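I have placed the structure first, in the form of structure tokens, so that the comments after it can refer back to it.
The values are calculated or read from the model by the stated rules, or taken from the named source; none is laboratory data. Note that the structure is predicted; figures quoted are calculated from it, not measured. As a convention, Cβ positions derive from the backbone with ideal geometry for all residues, glycine included, and neighbour counts pool all protein chains shown. Just the protein is used for accessible areas: all its heavy atoms, side chains included, with ligands, DNA and RNA removed. Shrake-Rupley method; radii C 1.70, N 1.55, O 1.52, S 1.80 Å.
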Amino acid sequence: MSAAPFRAAVALGAALVASAGLAAAPAPAPVAAKITYLTTSTAYVDAGRDEGLAVGDRVEIVRDGTVIAVLEVAEVSAHRAACALPAGTALAVGDVARFVPSSSGPEAEA
């Protein structure tokens with residue numbers, strides 16, 4: 001019996017073990033926050049840097065399961081964010097602010 005099939009199996013096994021660490025991480029799940037305060041030009045949400053938001057991120061505003069607006073994060077602190085509110089956008093305190101955490105959150109720093 002030839003050793004070639006055995007060597008091929010060992011090489012294949014080693015390649016599989018080596019590539020296991022290279023598998024792509026699953027995409028982060030969307031996070032839901034809420035609008036807590038509104039001005040004529042800004043919507044404030046109860047999520048911030050520690051929840052994965054960063055300046056420039058997009059936040060979908062959802063009401064009754066429908067996206068009614070997409071806002072851009074203008075300022076961010078640890079647990080709050082201020083989003084620019086386009087003129088004529090009719091939002092309400094309590095509307096859901098949905099976003100996918102960016103890679104700048106605390107788990108990215110670990």
> Among the residues of the range 12-22, is there at least one that is surrounded by 10 or more Cβ atoms within 10 Å (Cβ to Cβ) and at pLDDT 70 or above?
Replying inline: no
> Among (1) open to solvent by 50 Å² or more (accessible area, probe 1.4 Å); (2) under 14 Å from Pro101 (Cβ atoms); (3) not basic (Lys, Arg), which single condition is Ile68 missing?
Replying inline: (2)
>> Just the residues that are modelled with pLDDT of 95 or more, outside any strand (DSSP E or B) and crowded, with 18+ Cβ neighbours inside 10 Å, please, taken from the range 86-105.
In response: Asp95
>> I'd like the residue in the range 48-65 that is open to solvent by less than 70 Å² (accessible area, probe 1.4 Å) and free of Cβ contacts under 8 Å to residues at least 40 places away in the same chain and, out of all such residues, is farthest from Ala92 (Cα to Cα).
In response: Gly56
